[in-house]
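Just so it is clear, none of the values below were taken in a lab; they were calculated from the coordinates. The structure displayed is predicted, hence computed values, not measured ones. Cβ atoms come from the backbone with ideal geometry, glycine included; neighbour counts cover every protein chain shown.
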Amino acid sequence: MNPVATPFFFYLLAGIMIIGGILVITRKNAVHSALALITTLLAQAAIYLMLYAPFVAGVQIILYAGGIMVLFLFVIMLINIERTQKERQFNKQWLVGIAAAAALGGLFIAVYTKGKTLFPEGRVSYEEVQNTQGVATLLFDRHAGVYMFAFEIASLLLLVAIIGAVVMAKKRI
Amino acid sequence: MLSAQFETDMEAMLHISTLHYLVLGAALFLLGVIGVLTRRNVVIVLMSIELILNAVNLNLVALSRYWQGMPAHMGGGPGALHGQVFAIFVITDAAAEAAVGLGILIAFFRNKETVNVDEVNLLKW
């Protein structure tokens with residue numbers, strides 16, 4: 001199936017993502033930041049769909065927007081937010097921080113204007129394949145699954161994260 | 001009357017290529033960096049880190065799409081989904097990071113009754 005009105009949807013979703021990102025880093029109330037971040041993540045899931053990555057889009061919605069952000073909101077509700085709203089929101093080094101970020105942005109602009117020709121016409125013409133099956137082949141297949149070991153190590157990482165979270169949230173550490 | 005340069009620019013703007021996605025990822029990355037460097041609230045710093053990780057994910061998926069269009073002898077083709085697999089690993093990593101980071105935040109809040117980063121100075125020399 002050919003995509004319809006790609007530029008319109010790209011710029012719409014990109015605008016939503018950028019505005020959401022700006023709201024995340026400027027809002028005083030952490031709950032508003034979390035809601036803006038959820039909007040950004042959902043728009044990014046739509047961008048994944050535009051890039052023919054439906055499995056990653058589903059994982060993004062279920063795990064990021066559904067799992068991690070609920071964790072964030074839960075912690076925001078646990079800690080006291082009224083007092084922090086009355087305080088200064090930006091630290092003393094904010095000018096240095098913005099200067100450093102501007103330098104990084106200049107680097108990005110230089111790289112992308114110099115390296116423009118590295119990405120010639122990105123139009124790809126191939127049939128839509130079973131994306132989820134392709135991802136599963138790379139992860140689990142006995143012969144083609146080059147990432148099987150990394151997948152197992154990821155389970156170890158999650159185990160460490162579970163233990164770490166439990167230990168950190170204990171009553172006395 | 002429109003100049004030829006302007007028309008080619010408009011053409012490049014309307015033809016969405018891999019570079020567009022990379023520039024969007026760079027913009028999100030910069031927003032995340034600004035958030036990490038300037039905010040005081042630890043929760044928002046963690047959310048900015050999530051923004052950075054998402055920018056990286058966007059780059060990975062866009063380049064995976066680009067690589068799928070490469071000829072087969074260069075490793076391309078419909079089965080070249082390595083970038084998407086990497087994106088899934090990055091999402092796993094983000095989940096682990098959020099769980100541990102928020103656990104540390106709860107422990108910190110219990111001890112000092114604040115969520116400001118610049119009051120975390122116990123290890124400061």
Notebook entry, point to check: Counting pairs on different chains as well as pairs 8 or more places apart, how many Lys pairs in the protein assembly as shown have Cα atoms under 18 Å apart?
Noted result: 7
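For B:74-85, what's the mean count of beta carbons from other chains sitting within 10 Å of each residue's beta carbon? Working shown, then result.
On the way: counts 0, 0, 2, 3, 9, 7, 2, 14, 4, 3, 14, 13.
Per-residue shielding by partner chains comes out at 6.
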Check: How big, on average over all directions, is the shadow cast by the Cα convex hull of the stretch A:19-65, in nm²?
Finding: 3.1
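For the stretch A:23-173, what is the per residue volume of the convex hull drawn over the alpha-carbon atoms, in cubic angstrom?
Numbers: hull volume 28.9 nm³, N = 151.
Spelled out: Cα convex hull of the stretch A:23-173, divided by residues, is 191 Å³.
If R0 is 35 Å, what FRET efficiency do you get for A:Leu12 and A:Val70 from their C-beta distance, rounded to 0.05?
Numbers: r = 26 Å, r/R0 = 0.75.
Given R0 = 35 Å and the Cβ-Cβ separation, E is 0.85.
Roughly how compact is the stretch B:1-104, stated as its Cα Rg over 2.2 N^0.38 Å to two decimals? Walk me through the numbers before you get to the answer.
Working: Rg = 18.0 Å, N = 104, 2.2 N^0.38 = 12.8 Å.
For the stretch B:1-104, the normalised Cα radius of gyration comes out at 1.40.
Starting from the Kirkwood Rh over alpha-carbon pairs, what translational D in µm² s⁻¹ does the stretch A:131-173 have by Stokes-Einstein at 20 °C and 1.002 mPa s? Walk me through the numbers on the way to the answer.
Values: Rh = 12.2 Å.
Rounded to a whole number, D works out at 176 µm²/s.
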Check: Between A:Arg83 and A:Leu158, what is the spin-label point distance in nm, taking each point 7 Å from the Cα along the Cα→C-beta axis?
Finding: 3.6
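Please get the size of the charge dipole for the protein assembly as shown, origin at its Cα centre, with Cβ charges of +1 on Lys and Arg and -1 on Asp and Glu, quoted in debye to the nearest 20. Can you show the working numbers first?
Details: 19 positive and 16 negative charges, 259 e Å.
I would put it at about 1240 debye.
Over the whole of A:140-153, what's the average partner chain Cβ count within 10 Å per residue? Rounded to a whole number, please.
On the way: counts 0, 0, 0, 0, 1, 1, 2, 5, 0, 0, 4, 4, 0, 2.
Taking the mean over all residues of the peptide, I get 1.
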Next item on the list: Sketch the reach of a paramagnetic label on B:Asn116 as a point 7 Å from Cα along Cα-to-Cβ, and name the residues of the stretch A:89-110 whose backbone nitrogen lies under 11 Å away.
Entry: A:89-92
Checklist line | Cα-projected label distance for A:Ala102 with A:Phe151, points at 7 Å along beta-carbon direction, nm | finding: 4.8
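Please order A:Ile79, A:Ile62 by the number of other Cβ within 10 Å, starting at the fewest.
Details: A:Ile79 21, A:Ile62 12.
By the 10 Å Cβ count, ascending: A:Ile62, A:Ile79.
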Notebook entry, point to check: In whole angstrom, and with the biggest value first, how far do the Cα coordinates of the protein assembly as shown range along each principal axis?
Noted result: 59, 59, 34
Notebook entry, point to check: Helix B:82-112: angle to the longest alpha-carbon principal axis of chain B, degrees 0 to 90, nearest 10?
Noted result: 20
Note to self: Cut-off 10 angstrom, C-alpha nodes, Gaussian network model of chain A. Which of A:Lys86, A:Lys116, A:Lys28 fluctuates the most?
What the structure shows: A:Lys116
